[in-house]
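What follows draws every value from the coordinates through simple rules; no lab data is involved. Please read all numbers here as calculations on a predicted model, not as lab measurements. Virtual Cβ from ideal backbone geometry, glycine too; neighbours counted across all protein chains shown.
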Amino acid sequence: MMKQPIRFFALGLLTAGIICLVAFYLFDANQESPELSTKEMVKKVESEGYHVLTESEYISVSVQSDEADTESNDNNNEQKSRSDDTTENNSETYTLTVESGMTPSNISETLAQNNIIDDADEFTQYMENEGYSKLVQLGEFKLTSAMSRHDIAEVITN
């Protein structure tokens, strides 16, 4: 009873294989497309709205852009160091002592009382949501009011 369907299945596989083989040899994927010369390529690219640079033009443009980047980085570094100086002068420093049995809410309240963070509940929630509440270490930690929640959490958990 199963002899006939199996033969038809095998015949179908053989037919599919032959069709694939014929298609592979007749429609060669390595057919060569017409090669364009460099000038023809440039004309085609420019007609599509692009600008083509020679190698020397490209080098001069990249050197100019590097110089501009260097100047802007120097200016940004000067401004950043000035703002860091003013931030450091305005920030409060506190040495937090974490003792055995302190909960994240106790730590948050202590930090809020010493003006390191603005909202104790928000910081406690952040510690719990990010998984820091289980990683708090015992010891003394120097914290400033300029530090972000993430930075404070990293300091007291490492």
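Odds and ends about this structure:
- In the calculated pair-distance distribution of segment 106-158, the portion above 19 angstrom amounts to 13 percent of the Cα-Cα pairs.
- Counted by neighbouring Cβ atoms within 10 Å, the residues MET41, MET2 run from fewest to most as MET2, MET41.
- Charged-residue dipole, Cβ positions (Lys, Arg, Asp, Glu), the chain about Cα centre, Debye nearest 20: 1580 debye
- Between the entries [x] 9.5; [y] 14.4; [z] 25.9, the label attached to mean projected area of the Cα convex hull in nm² calculated for this structure is [z].
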